[in-house]
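One structure is given below, encoded as structure tokens.
The values are calculated or read from the model by the stated rules, or taken from the named source; none is laboratory data. Please read these numbers as outputs of a predicted model, since none were measured by experiment. Only protein heavy atoms, including side chains, enter the accessible area calculation; ligands, DNA and RNA are left aside. Shrake-Rupley method; radii C 1.70, N 1.55, O 1.52, S 1.80 Å.
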Amino acid sequence: MITDLNGATLAFDRTDNHLVILDQTLLPKEVKLLHLSVPDEIFEAISVLRVRGAPAIGVAAAIAMAVCAKNIKMQDKQEYFTRLESIKEYLASSRPTAQNLFWALERMMATARQVEYLSISQINERLADEAELVLNEDIAVCRRIGGHGAMLLGDGACVLTHCNAGRLAAVKYGTALAPVYVAAEQGKKIHVYVDETRPLLQGARLTAYELADAGIKTTVICDNMAGSLMAAGKVDAVITGADRIAKNFDAANKIGTLQLAVMAKHFGVPFYIAAPKSTFDPDCASGNDIVIEMRSGSEIAGVWRESAAVPPDFDYNPAFDVTPAALISAIITEEGVHYLHE
Ligand code: MRU
């Protein structure tokens, strides 16, 4: 069990008015829950990846809106809404790529606006209800993604995944790993190859951790081993998550996803993206419109090592890349498996 949150990896403590997250920067060495209630600490938690993964960021942001709304001191409704709007804008600036962040913040703001005729404390209750709904929907939606995706995996299947799009990246099942978890529930033996995922090692630190916790056979590989694995016929399917999917189905995900898709195409391995509908951005016509987060070059140079592994002053660190729809076999959502090229 990763946490004592009833199998979930983040929660809404409504009694004490806290967003509860598992600090993912400490995993796998230390399992530590953080109780957050201040916009600055929530902003920090998202931007340094204490809570990360598109659906988890979205759910955390929804809970954050409910928690922070309750802490607004203003009694005047207009001032209350101005403050709520500024908290929303502030949290929206914590990371630029995951669509779920903006989706959740807009949903919470729209919820408040819909009931603006109520008293402030009633609006706060409505926001808290909505945050709980967002959390519970994430669990249900990811479970459905898992059900659809599991049908693509036969007994003994070998899946290759990148970064962490498992339960740590959502609330309970995750997206890319949901098919693996559901297939395992169905009694299928699945073997997951996990890219370590440079530079922040979400695969090695997080995906391997949660799969081992769930008793799924797991092999961590260096990112540069994926091609030779596919060439050897050891990969039946590649499944990754997505941070944002454009209207033409180009999909942004952790840097390194694109090269997996290119190799999968070359070796005839199906390449699936698993994501909820809340990851689709109706305002992005194609992947060219997706903002790619640029992070500090220091993450490449040495964050996970005792001493810097790279000489200083290297500063190219895009956190995501865009896989063109042409390289994606199908997108697995809560509604089903959507084949892109039939
Ligand atoms: O920078 P991160 O760790 O937030 O990147 C996460 C990913 O790229 C995930 O694959 C994506 O958010 C989907 S999570 C279900």
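What to note about this one:
- The per residue volume of the convex hull around the alpha-carbon atoms of the chain is 135 Å³.
- Listed by chain and number, the aspartates and glutamates whose alpha-carbon sits under 20 Å from that of Lys188, ignoring those within fewer than 8 places in the same chain, are Asp155, Glu210, Asp213, Asp236.
- MRE, 222 nm, helices only [DSSP H, n ≥ 4, -39500 (n - 2.57), over the chain, to nearest 500]: -11500 deg cm²/dmol
- Accessible surface of segment 134-242, 1.4 Å probe: 53 percent of it comes from carbon and sulfur atoms.
- At a probe radius of 1.4 angstrom, the accessible area of the chain per residue rounds to 41 square angstrom.
- q = 0.15, 0.17 Å⁻¹: log10 I(q)/I(0) that the Debye formula gives for segment 15-91, counting C-alpha atoms only: -0.52, -0.64
- Semi-axes of the equivalent ellipsoid for segment 128-238, Cα gyration tensor, largest first, Å: 25, 17, 10
- The Rg/Rh ratio of segment 10-143, with both radii computed over alpha carbons and Rh defined as the Kirkwood radius, is 0.96.
- Cα-based Lys proximity count in segment 1-129, under 27 Å, for pairs eight or more positions apart or on separate chains: 5
- Segment 147-339: translational diffusion in µm²/s, Stokes-Einstein, Kirkwood Rh over Cα pairs, 4 °C, 1.567 mPa s: 77
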